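Novice: Sharing a structure here in structure tokens format.
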Amino acid sequence: MTVLRAILFVPEVLVVLASPPLLMSVIAKTKAWFGGRVGPPWLQPYFDIHKLIQKNAVYSKTTTWIFRAGPIISLASLLTATTLVPVLSDDSLLGFPGDVILLAYLLALGRMFTVLAAMDTGSSFEGMGASREVTFGAMSEPALFLSFVVMAVASKSLRLSEMIGPSLIPGWQVAGPAVILVVGALLVVLLTETCRVPVDDPATHLELTMIHEVMVLDHSGPEFACITYGAALKFALLGSIVVHAAIPHGGWLAWLNAPLRMLELGGLALLIGIIESVTARFRLNRVPMLLAGATVLSAIALVLVLMRRTV
Amino acid sequence: MTPVLTSLALLAIGATMSLVLVRVPRLALVIVMLIVFVASVLVAINAGDVLLRASSRGPYEVAWPLSLGTVRLSIDGLSAWFLMTIGVLAACVAVYSVPHMSAAAGREPVCVFCAFFCLLLASLIILVCAADAVLFLIGWEAMTLAAFFLVAFHHERRDVRRGAWMYLVATHIGTALFVLPLFAIMFARTGTTAFSSFAGAVGSGDRTTLVTLFALGLAGFGTKAGFMPMHVWLPAAHPVAPTPVSALLSGVVVKTGIYGFLRLLSWLPPLPLVCGEVLLLVGIVSGVMGVLYALAQHDLKRLLAYHTVENMGIIALGIAVGMLGEAANQPAVAVLGYAGALLHVTNHALFKGLLFMSAGAVLHGSGTGEIDRLGGLARKTPVNAVMFLIGAVAICGLPPLNGFLSEWIIYGSLLGGSILGIGVSGGLPGVAVAALALMGGLALACFTKAFGVVFLGEPRDASLCTRKTPAGMKIAMAVLGLSCILIGVLPGLWIPLVQLAAGELANVPHGEVNMRIETVLAPAIKLSGMAVVFVVAVSGLIAIRRLVRLRAACSNVEVTPTVATWGCGYTRPTPRMQYTASSFAAHLVTTFRSLLWPERAILAPSGSFPGASHLETHAPDIAEHDVFEPIFRGVDRLYSAVRAVSWRGEQGSPVVSESAALHRRGPIRTLIDGMVGALRRGSIQVRLLFIVLTLVAMFAIEAISPVDRAHSATGQDSQHTLDVGADK
């Protein structure tokens, strides 16, 4: 860790933790523009979180300590995962070989406790959301991990910051098509994990169409603030991985890199907003096919990367 | 070696005590389980000592009156690892058995249970420490029989008998058809039964023998370990056995199959690449199909049994990567693969034992293991719920518990294999990574289903009343839960223990193993750091939450009382509106229906005022119903065709009597039928007559043949002396 890195550590962490709700408002503004509306204010997500923290929480008689612990554990796992993902710079805060597996399983830990908190209410709505979430989560794991394999083979490293860092530039030159396919697969995984259209519609509250929204239906007050912020943070983390894999920088200076990465994340949020506005939500039977398609994309990328290496 | 012998002696004493104290079963239970606890702790400490000092013990040798083999015990790294697993799990199960069995002390033969428990443990210790083929087989058979009698504890029930018979038949088919020929080949190659001479008996050029031995080992030891499609006995035997027996079965008995396979690998030079690839495929199929079948189950223990199949698949993946690394001459991949597999052996024993004990506590408390009838147990048995949650998080491989550690190492070895291009130039390990990820996701679905439906929500069957979990059960579960957490949070303490065994398997010298383990130790210590970060994050968030609540209380915001869950406008929500286990898993089962072939029997509501309707879903095991059942039915039909006379001495089955009506029954046929009929009727004089006739026939043959013997007498005699000389 250089001196510059040590000095920039605290501001970087603060910016990384403070910016995710801004990405949410970028998506909201994009969708509003497509709908001919002005949309909510840019700082609306922050106002929402502030409002929720001040509210009182209502608990159900059926729930146990798991209902109260679920949002806390899922947000804690996301905060732990933040130290592993390079967001604004090319290096993550606490990376090590094999941290990419830990990242994926931390997200799974968050998912498990969100699902258990949903089952804790004893309501059929939350059970429905929980059932859908575990189904789509299970099917998106192979796509995610195959992408990791491709990036690991391309960069010959098991460290996330090296897999998607400047070492991917020679990887792009050598196995360009494979990396494009991987970025496509990761985009589909991003849409699934952050529950965006076409997998789930975050704006609606109809039981036929919800996955994530219905799982957290009973949470209120500060717990719901945890959940809202956690969803935004998850989007920022997975979005960072997609952005770093798609647009590798060359190890530039920090003052140039950081704003550029913020702009790229904003561009990704814009892209997601566009996708949400022009696509309709898939029928639930079709979502496994979408995820299988992402897995196939990653598998083709793996074949390309392995062939390229032997040839 | 003394601790092992002491514990064997203690177990022998325990077995006799349990038979002596038949009149006072509760006292017998406590005393014998105490003896078992002491014996297993002794064995575990000894094994831990061997692993820490990285030095083998033995061999300890005693001659015995059998013509083949000797009693030779030795503890090397591999034996020590499995011995430690056996010791730790058996100690916890012994503590668990006391409250579990004392409820049944008056009605059931608890002393028989204790006796066979001691026998099982003793045979496991002998099996794992054996350095001689005959001793190994004796331990293997004793373990099978002891486990059979333990599984058939509630033998009045039909499904228990069926499960026990399936276990016995499956193990014996595996042993007779595959394991015995394996040892026979090794004996023929080396001429002795000592394991030390087996190592290096087959050269690396002899490809046919290597592949044959690998295939025999995979089929024979794989039946015990529960690889697909030989796993059919697991979901039949585990649910019907008493809980301590299920925990031991899943925890250590299936691991002896893995031990046998690893022992075979340690004798052979690096096998051809195709063997590792076959094992990788077996691991992928076992893992994915195992967890899919688990998703479709309605019974808690059967679900856990299928998860054992899945975890054996994961262990097979680790072993396969080790084999691939050996074949491609990449010691880093080999050591990591074997280390991951061995760590998963212990981790699985710990968290599966915990889960089975917790399921047993549910059974003990509520009287049923049917998931769809339970619910809301977290409020009635909170400690049991926490234990099941720890086991569930561990088995899904989630950080910071121990399941994540072994899966992480296996992932590392697979990714390393892919980067280095081993196995279809790196493609097969890549596919294995995707399969392992799918297994993890499906396991998460399955355990959120199991935990969520059993422990959370409202009770689905109001007629069930719940008893509290006894303290002894809680203590045993707490020890296992604590070990799961400790291994996960402090991996740096545990990984060095495995280097002795991993080095032996990968045929890598000690110093190099050290170096390879170091490469995974540094990131593993970072894992502890990440666990610390996680705990800090959790406590920070809890502190903020408390602060917010305090501030709200101070500013006198009205605290709303807890109300019933909002039912979206329904004024009278009932517990039956909750998601059941089947509905939770329905989406996944339907998505994978081409692999699972689920069956549905539905009586749909019809008409404007529908009456009672009915839906039943099953996922019958393909291996059981479409592979083995037709085979056994065919064998049964073959035997029925051979059987000429029925039990009561009547003439023949319908097929035979038909032909008898059409054709004349000649004198030979009548004679044979008469003899067989006389034998079946069982009069003692007839049987004595048959014995005399057989002896006369044998002497006649002996009398005739020395004419041939005399011609080649010299050649045969010298051969005979040569064998005698080699034996001495």
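The values are calculated or read from the model by the stated rules, or taken from the named source; none is laboratory data. Since we're looking at a predicted model, the values are computed, not measured. Note that each Cβ is placed from the backbone with ideal geometry, even for glycine, and that neighbours are counted across all protein chains shown.
Novice: Taking B:Ala349 and the conditions (1) within 14 Å of chain A (Cβ to nearest Cβ); (2) under 23 Å from the mean Cα position of the chain (by Cα), which numbered condition does it fall short on, given that it satisfies the others?
Specialist: Going through the list (1) within 14 Å of chain A (Cβ to nearest Cβ); (2) under 23 Å from the mean Cα position of the chain (by Cα), B:Ala349 breaks only (1).
Novice: If I ask for residues that are of a type in the set (Gly, Ala, Ser), modelled with pLDDT of 85 or more and either farther than 30 Å from B:Gly287 by Cα or over 25 Å from the mean Cα position of the chain (by Cα) (or both), which ones from the stretch B:595-644 would you list?
Specialist: Residues satisfying the conditions are B:Ala601, B:Ala604, B:Ser606, B:Gly607, B:Ser608, B:Gly611, B:Ala612, B:Ser613, B:Gly634.
Novice: Can you tell me which of A:Glu223, A:Glu213 is crowded, with 22+ Cβ neighbours inside 10 Å, of a type outside the set (S, T, N, Q), within 23 Å of A:Ser123 (Cα to Cα) and touching a helix residue (DSSP H, G or I) at 6+ places or on another chain (Cβ under 8 Å)?
Specialist: Only one candidate passes the filter, namely A:Glu223.
Novice: Of these, A:Pro166, A:Pro170, which one is assigned to a helix (DSSP H, G or I), farther than 26 Å from A:Val26 by Cα and not basic (Lys, Arg)? Before the answer, list the steps.
Specialist: Details: A:Pro166 fails: assigned to a helix (DSSP H, G or I).
Exactly one residue qualifies, and that residue is A:Pro170.
Novice: Quickly run through the stretch A:271-303 and pick out the residues that are within 11 Å of chain B (Cβ to nearest Cβ), in contact (Cβ under 8 Å) with a residue 24 or more places away in the chain and not hydroxyl-bearing (Ser, Thr, Tyr).
Specialist: The answer is A:Leu284, A:Val287, A:Pro288, A:Leu291, A:Ala292, A:Ala299, A:Ala301, A:Leu302.
Novice: Out of the residues in the stretch B:132-151 that are closer than 14 Å to B:Val110 by Cα and touching a residue at least 40 places away in the same chain (Cβ under 8 Å), state the one that is surrounded by the most Cβ atoms within 10 Å (Cβ to Cβ).
Specialist: Here the residue is B:Val151.
Novice: So, in the stretch B:560-582, of the ones that are outside any loop (DSSP other than H, G, I, E, B) and under 29 Å from the mean Cα position of the chain (by Cα), which residue ends up surrounded by the most Cβ atoms within 10 Å (Cβ to Cβ)?
Specialist: If we take residues in the stretch B:560-582 being outside any loop (DSSP other than H, G, I, E, B) and under 29 Å from the mean Cα position of the chain (by Cα), then B:Ala581 is surrounded by the most Cβ atoms within 10 Å (Cβ to Cβ).
Novice: Please verify whether B:Ala164 is assigned to a helix (DSSP H, G or I) and crowded, with 24+ Cβ neighbours inside 10 Å, treating the condition exactly as stated.
Specialist: Against the criterion (assigned to a helix (DSSP H, G or I) and crowded, with 24+ Cβ neighbours inside 10 Å), B:Ala164 qualifies.
Novice: Take the stretch B:583-610 and flag every residue that is of a type in the set (Gly, Ala, Ser), more than 24 Å from B:Glu624 (Cβ to Cβ) and surrounded by 11 or more Cβ atoms within 10 Å (Cβ to Cβ).
Specialist: Residue satisfying the conditions is B:Ser583 alone.
Novice: Would you check if there is a residue in the stretch B:306-314 being more than 23 Å from B:Leu273 (Cα to Cα), crowded, with 24+ Cβ neighbours inside 10 Å and of a type in the set (Asp, Glu)?
Specialist: yes
Novice: In the stretch A:22-137, which helices (runs of 4 or more DSSP H) lie fully inside it and hold 2 or more residues that are of a type in the set (Asp, Glu), facing another protein chain (nearest Cβ under 9 Å) and free of Cβ contacts under 8 Å to residues at least 40 places away in the same chain?
Specialist: none
Novice: Filter the stretch B:485-516 down to the residues that are crowded, with 20+ Cβ neighbours inside 10 Å and over 12 Å from B:Leu343 (Cα atoms) and list them by number.
Specialist: Once the filter is applied, which keeps residues that are crowded, with 20+ Cβ neighbours inside 10 Å and over 12 Å from B:Leu343 (Cα atoms), the stretch B:485-516 yields B:Val489, B:Leu500, B:Gly503, B:Glu504, B:Leu505, B:Ala506, B:Val508, B:Val513, B:Arg516.
Novice: Filter the stretch B:536-587 down to the residues that are at the interface with another protein chain (Cβ under 9 Å from one of its Cβ atoms), in contact (Cβ under 8 Å) with a residue 40 or more places away in the chain and under 29 Å from B:Ile485 (Cβ atoms) and list them by number.
Specialist: The answer is B:Phe584, B:Ala585.
Novice: Quick one: is B:Ser102 more than 19 Å from B:Ala237 (Cα to Cα) and surrounded by fewer than 21 Cβ atoms within 10 Å (Cβ to Cβ)?
Specialist: yes
Novice: For the structure I just gave you, tell me whether B:Gly441 is within 14 Å of chain A (Cβ to nearest Cβ), without any contact (Cβ under 8 Å) to a residue 40 or more places away in the chain and either in a loop (DSSP other than H, G, I, E, B) or surrounded by fewer than 24 Cβ atoms within 10 Å (Cβ to Cβ) (or both).
Specialist: no
Novice: Suppose the filter is in a helix (DSSP H, G or I), within 13 Å of chain A (Cβ to nearest Cβ) and closer than 27 Å to B:Ser286 by Cβ; does B:Val453 pass it?
Specialist: Working: in a helix (DSSP H, G or I): yes; within 13 Å of chain A (Cβ to nearest Cβ): yes; closer than 27 Å to B:Ser286 by Cβ: yes.
The answer is yes for B:Val453.
Novice: Filter the stretch A:256-311 down to the residues that are in a loop (DSSP other than H, G, I, E, B) and either in contact with a Cys (Cβ under 7 Å, 6 or more places away or on another chain) or surrounded by 14 or more Cβ atoms within 10 Å (Cβ to Cβ) (or both) and list them by number.
Specialist: A:Arg281, A:Phe282, A:Leu284
Novice: Out of all the residues in the stretch A:194-202, is one or more modelled with pLDDT of 85 or more and part of a helix (DSSP H, G or I)?
Specialist: no
Novice: Restricting the first residue to the stretch B:599-614 and requiring it to be touching a residue at least 12 places away in the same chain (Cβ under 8 Å), which pairs with a second residue that is loosely packed, with under 10 Cβ neighbours inside 10 Å meet a Cβ separation below 6 Å and a spacing of at least six or different chains?
Specialist: Note: pairs meeting the criteria are B:Leu603/B:His614.
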